[in-house]
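Q: Take a look at the following structure, please.
Computed from the coordinates by the stated procedures, all read-outs in this text should not be read as laboratory data. Please read these numbers as outputs of a predicted model, since none were measured by experiment. Quick reminder, even Gly has a Cβ in these numbers, built from the backbone with ideal geometry, and neighbours come from all protein chains shown.
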Amino acid sequence: MSNTTHPFKYMPAPLFTDPYADEWTAPFWEAALRGQLTAPKCAECGTFRLPPSRWCAACHAQGLEYVDLPGTGTLYSFIIVRHALTPDQKEYVPYIPAVVSADGVSGNARFVANLVNVEPEDVQIGMKLKVTWNEVSATLTLPFWTVA
Amino acid sequence: MKDKAAIVGIGQTQRYRRGQSLPRSMMDMAMEATLSALADAGLTTNDLDGFAFYGGATVDPGSMAYNLGVPHVKFAATLTAGGSGSAGSVGMAAAVINAGLANVCVSLFVLQQVPTGRFGGSSEGPRKVPTASGGGAYGGGGNVSPEAAFISPASIMSPGHNFSMLTQRHMYQYGTKREHFAEVCISQRENAIKRPQSLRKDPLTLDDYFAARMISDPLCLFDYTMECDGAIAVITTSIDRAKTLPHTPVLISGSGIGGTGNNAHLLGNFQMPDVSFASAGARDVAKQMYEMAEVGPEDVDVALLYDHFSPMVLMQLEDFQLCPIGESGPFVAEGNIRFGTGSIPVNTHGGNLSDFYCPGMTHLVEGVEQLRGTAINQVEGAEIALCTGGPSSIPMTGTILKRYR
């Protein structure tokens, strides 16, 4: 499937048109509108906090500081959804939810997004990936990952 | 609380396939199971004073007490999370009895999977996403948190999806294969085939397994639990009282009800440490449980491991120290979990996969029957049984049961 709202192969059904941002998450989505991948670090102890949490589990500070990332990473794990769980997804299977270790992010913080434009049979943990973006609405540009 | 309380009664309703229990209500089935368990224990509702539930339990202790006509409720609580609490519910009962809060506790689960109220759709937490069809069993519109926008657009929508993600990593890290998942499914099916009450008794071959459709790759149809309707209850009381009752007491020797804070699997954030990403999140629980029971994994005669998804049986074999971390695949391939021939028979009743799905309660019942010596697939001389709850959110639970001598 490929059109303006669904530009990549193996995208799942679109569920979000807004990032429901708050002060902890807004910088990520603002950078995303410019095609810049960022990640939030604890402003006090530097621990990466994904998804952006309001309290740091390591030091209990609240502040976050967003850092620019190169937009590359490594596939940590993935699944191939072959059976649609909702009617919305029926025309979009298979799709490939993935956990990605992004370059520039330390610790256990990982991104969760879909792999696109890659054949399911070719996906392997450890493969190098790069981020790609889909402009969903005026407020939401969503990250996807594809083979680097 | 080691060996201070014992399971003394078990009771269950008819076993229904998914959605087939209407027009019964969940309370109706919970009542039947509880009354049956009390009768098995030689007790009545006048003896019952504690409710140690888990998993939201789908009926609440207060309504149960009202409907049963329990004169004085001395303890009522429900463990949070889901099927993960099954084994721990009797641990909680033992703790409560040992502390003197109550004397006779019931733990139960009732399931009725009608179209309007499906259990197990995991519609909570970050996966709660707006869908074009307006929510439903898997989504539920609204309530989108800012954090959810970092997870939910990937359309990871069910426990099966979550556990597939862990499974894929396990395969990568340790070389685990689909043949190993198949061995879990096939060995449990073999056990179920010998039991009249088990629901899935068609022979299952390796060819059948590989011919099944993939649901969330690497998991296929047979890797998923079946879904059912029905209720199962167990009764726990003090060892002193248990000695006066009809059945051989089944002691609660140790229990773990918790987990590791950064291992919250079913929240679906996938931020677990690398060393425990591909695990059941039960290593700390196992350690606490064995220490309390003053036994080790080598002492376990039969392991009743919650099997919502077959690879999670493998990861529990590792977390509960029945084999080394990362070696569960070859361990099962060598036949170690087979009833009759293996070194540690697993899910001798057939489990959620092939016997009956009443989130974890069948594992407790099988543990009791093994230690009473009345199991259909009886492990000869069984003295110690391990029961676990379903790997998921905290609290994950595990309990050591021991035959009273």
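Q: Evaluate peptide B:167-173: per residue, the Cβ atoms of other protein chains within 10 Å of its Cβ; return the mean as an integer.
A: 4
Q: Rounded to whole Å and sorted largest first, list the principal axis extents of the Cα atoms in segment B:346-405.
A: Taking max minus min along each principal axis of the Cα atoms, segment B:346-405 gives 35, 24, 15 Å.
Q: May I pose another question? Which residue fluctuates most in the GNM of chain B (Cα springs below 10 Å): B:A30, B:A212, B:A81?
A: Comparing B:A30, B:A212, B:A81 in the GNM, the peak value goes to B:A212.
Q: Expressed in nm², what is the orientationally averaged projection area of the convex hull enclosing the Cα positions of chain A?
A: Taking the Cα atoms of chain A, their convex hull projects to 8.8 nm² on average.
Q: Step through the residues of segment B:221-236 one at a time and calculate ³J(HN,Hα) from phi using the Karplus curve (6.51 cos²θ - 1.76 cosθ + 1.60, θ = phi - 60°), rounding each to whole Hz and writing x for Gly and Pro.
A: 3, 6, 7, 8, 4, 6, 10, 9, 10, x, 9, 9, 10, 10, 10, 10
Q: Moving on. Once each part is reduced to its C-alpha centroid, what is the distance from segment B:385-402 to segment B:276-313 in angstrom?
A: Using only Cα atoms, the two centres lie 7 Å from each other.
Q: Which of the GluC sites (Glu not before Pro) across segment A:3-89 are loop residues per DSSP, with 15 or fewer other Cβ within 10 Å? Show your work: numbers first, answer last.
A: On the way: sites: A:E23, A:E30, A:E44, A:E65; in loops: A:E23, A:E44.
Passing sites in segment A:3-89 are A:E23, A:E44.
Q: What FRET efficiency would be calculated for the residue pair B:K287, B:Q378, taking the C-beta separation as r and a Förster radius of 25 Å, to the nearest 0.05? Could the numbers behind the result be given before it?
A: Values: r = 29 Å, r/R0 = 1.18.
Plugging the Cβ-Cβ distance into 1/(1 + (r/R0)^6) gives 0.25.
Q: Between segment B:220-240 and segment A:69-148, what is the C-alpha centre distance in whole Å?
A: Taking the Cα centre of segment A:69-148 as reference, the centre of segment B:220-240 is 36 Å away.
Q: For the charge dipole of chain A, defined by +1 on Lys and Arg C-beta atoms and -1 on Asp and Glu C-beta atoms about the Cα centroid, which residue among A:M127, A:A113, A:T141 has the Cα displaced farthest towards the positive pole?
A: Of the listed residues, the answer is A:M127.
Q: Next question, about the same structure. How much of the pair distance distribution for segment B:140-259 lies past 16 Å, counting alpha-carbon pairs only, in percent?
A: Value for segment B:140-259: 76 percent of Cα pairs lie more than 16 Å apart.
Q: May I have the extent of the alpha carbons of segment A:30-99 along their three principal axes, as whole Å values ordered from largest to smallest?
A: Largest to smallest, the principal-axis extents are 45, 26, 22 Å.
Q: What are the radius of gyration and Dmax of the protein assembly as shown, computed over its Cα atoms and given in Å?
A: Just the Cα atoms of the protein assembly as shown yield Rg and Dmax of 23.8, 74 Å.
Q: To continue, here is another question. For segment A:1-65 and segment B:69-98, what is the separation of their C-alpha centers, rounded to whole Å?
A: A separation of 40 Å, based on Cα centres.
Q: Jot down the per residue volume, in cubic angstrom and as a whole number, of the convex hull over the alpha-carbon atoms of segment B:147-190.
A: 87 Å³
Q: Here is a follow-up. Where both partners of a DSSP beta bridge lie in chain B, what percent of those bridges are antiparallel, to the nearest 5? Mind dumping the intermediate values first?
A: On the way: 35 of 46 bridges.
Counting DSSP beta bridges with both partners in chain B, the antiparallel share is about 75 percent.
Q: Find how much the distance from B:K177 to B:S25 grows on full extension, using 0.36 nm per residue of separation minus their present alpha carbon separation; answer in nm with one decimal.
A: Here the answer is 50.5 nm.
Q: What is the order of A:K128, B:K201, fewest Cβ neighbours within 10 Å to most?
A: In order of increasing Cβ crowding within 10 Å: A:K128, B:K201.
Q: Using only the Cα atoms of segment A:73-148, what are the Rg and Dmax in Å?
A: Every Cα atom of segment A:73-148 included, Rg and Dmax give 13.0, 38 Å.
Q: Most exposed first by the Cβ proxy, i.e. fewest other Cβ within 10 Å, how do B:Y66, A:Y95 rank?
A: Ascending Cβ contact count within 10 Å gives the list B:Y66, A:Y95.
Q: Okay, moving on. I need the P(r) histogram for segment B:237-297: all alpha carbon pairs, bin width 5 Å from 0 out to the longest distance, whole percents.
A: Here the calculated profile for segment B:237-297 is 4, 16, 19, 13, 13, 12, 8, 6, 6, 2, 0.
Q: If you rank A:H6, A:H60, B:H247, B:H308 by fewest surrounding Cβ atoms within 10 Å, what's the result?
A: Ascending Cβ contact count within 10 Å gives the list A:H60, A:H6, B:H247, B:H308.
Q: How large is log10 I(q)/I(0) at q = 0.06, 0.10, 0.12 Å⁻¹ when the Debye formula is applied to the Cα atoms of chain B, each weighted equally and without solvent?
A: With no solvent term, the Cα-only Debye profile gives -0.21, -0.60, -0.89.
Q: Skipping prolines and chain starts, which residues have an amide H placed within reach, meaning under 5 Å, of the one on A:L129, given they are 5 or more residues away or on another chain?
A: A:G73, A:T74, A:L75, A:A148
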